[in-house]
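Below is one structure, written out as structure tokens; the observations come after it.
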Amino acid sequence: MTSERVPPGISAAVPNVARMYDYYLGGKDNFEVDRQAAEKVLAIIPEVEGDARNSRAFLQRAVRHLRELGVDQFLDIGSGLPTAGHVHEVIDGANVVYVDNDPVVLTHSRALLGHSPGVTVQEGDLREPEEVMARAAQVLDLERPIALLVVSLMHFITDEENPADLLRRYRELLPAGSYLVLTHVAPDTMPKEADEVSNVYQRASSPFTTRRRAVFEGFLDGFDLLEPGIVNTREWRPDPDTARSQVKGDYHLCAVGIKRR
Ligand SMILES: C[S@@+](CC[C@H](N)C(=O)[O-])C[C@H]1O[C@@H](n2cnc3c(N)ncnc32)[C@H](O)[C@@H]1O
């Protein structure tokens, strides 16, 4: 998309959070408007790029761990552009449903992943849990555990949209033994310039709301947390790659929980 040919129905006038994230991760699926906004963010806090990479690496470790525990159904909401290291690339033998509400993400995901075995791409909005789960049920077996991934997404849901209640509704709809993989950018862990970054996002496709650890804990109500509980992404079951990599920037709190019986 570096040629800036904009497909019909897609806005390149407003910076888009999916495409900005793709830029942080070194992807090519972004427009000039996204790169400019992302560069503004990086001028304020350069480690935001590392934060995205650390969050992505957490997602991959969590997914591998759950696959080892026998989970073979993954529902990834706000899956983002299929930059390297998507869920189905790091595990085998599982059904993966990618859900996003962004037309660019959907177009790219369908083009790149449409024919991968076990992979389905669905349009859906996190704020509509019943609709998302009903559509996922066309592919996933709702009688067996599912891993629901909501990674680097909840901070794009405003307080007015009642994020805790949305997650409660997902919990109720998930089969027994299901898991939630959740992250959230927290002001407790961000540098003082966090507000300036939020200001850049105010002019993007989704505003950005950081939330404190106590609020994040509330989002996990009804789930028993796997060890090590709520930590920053680099601290969640680090593997040798995590220990070796010196990527700076770790502003996401994360946790993996299993639905309480
Ligand atoms: C920062 S990216 C995270 C991508 C991926 N989860 C990861 O961690 O690498 C956030 C994604 O959430 C999507 N998104 C934002 N609001 C959403 C909503 N209400 N419903 C579904 N997806 C949403 C965006 O389009 C974008 O692809």
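The values are calculated or read from the model by the stated rules, or taken from the named source; none is laboratory data. All values derive from a computational prediction rather than experimental measurement. Cβ: placed from backbone, ideal geometry, glycine included. Neighbour counts: every protein chain shown. SASA here: full protein model, heavy atoms, side chains in, ligands and nucleic acids out. Shrake-Rupley method; radii C 1.70, N 1.55, O 1.52, S 1.80 Å.
Go over the candidates V104, V121 one by one and state the one that is over 26 Å from R64 (Cβ atoms), open to solvent by less than 30 Å² (accessible area, probe 1.4 Å) and within 14 Å of the ligand (Cβ to nearest atom). Selected residue: V104, the only one of V104, V121 that is over 26 Å from R64 (Cβ atoms), open to solvent by less than 30 Å² (accessible area, probe 1.4 Å) and within 14 Å of the ligand (Cβ to nearest atom). Condition first: at pLDDT below 95, open to solvent by less than 60 Å² (accessible area, probe 1.4 Å), part of a loop (DSSP other than H, G, I, E, B) and within 13 Å of the ligand (Cβ to nearest atom). Can you find one or more residues in segment 28-47 that meet it? Scanning segment 28-47 turns up at least one residue that is at pLDDT below 95, open to solvent by less than 60 Å² (accessible area, probe 1.4 Å), part of a loop (DSSP other than H, G, I, E, B) and within 13 Å of the ligand (Cβ to nearest atom).
H108 fulfils the conditions (1) assigned to a helix (DSSP H, G or I); (2) over 19 Å from Y21 (Cβ atoms); (3) in contact with a Leu (Cβ under 7 Å, 6 or more places away or on another chain) except for a single criterion, (2). Can you say whether G85 is part of a loop (DSSP other than H, G, I, E, B), without any contact (Cβ under 8 Å) to a residue 60 or more places away in the chain and not basic (K, R), as far as the supplied structure shows? Yes, satisfied. Criterion applied to R237, R244 was being open to solvent by 30 Å² or more (accessible area, probe 1.4 Å), at pLDDT 90 or above and not small (G, A, S), and the one residue passing it is R237. With respect to being among the hydroxyl-bearing types (S, T, Y), loosely packed, with under 14 Cβ neighbours inside 10 Å and within 16 Å of the ligand (Cβ to nearest atom), T209 falls outside the description.
Matching residues to (1) surrounded by fewer than 22 Cβ atoms within 10 Å (Cβ to Cβ); (2) without any contact (Cβ under 8 Å) to a residue 24 or more places away in the chain; (3) within 14 Å of the ligand (Cβ to nearest atom):
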residue	(1), (2), (3)
R19	no, no, yes
L66	no, no, no
V90	yes, no, yes
V99	no, no, yes
A111	yes, yes, no
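Every test in (1) within 13 Å of the ligand (Cβ to nearest atom); (2) part of a strand (DSSP E or B) is passed by L126 save one, and that test is (2).
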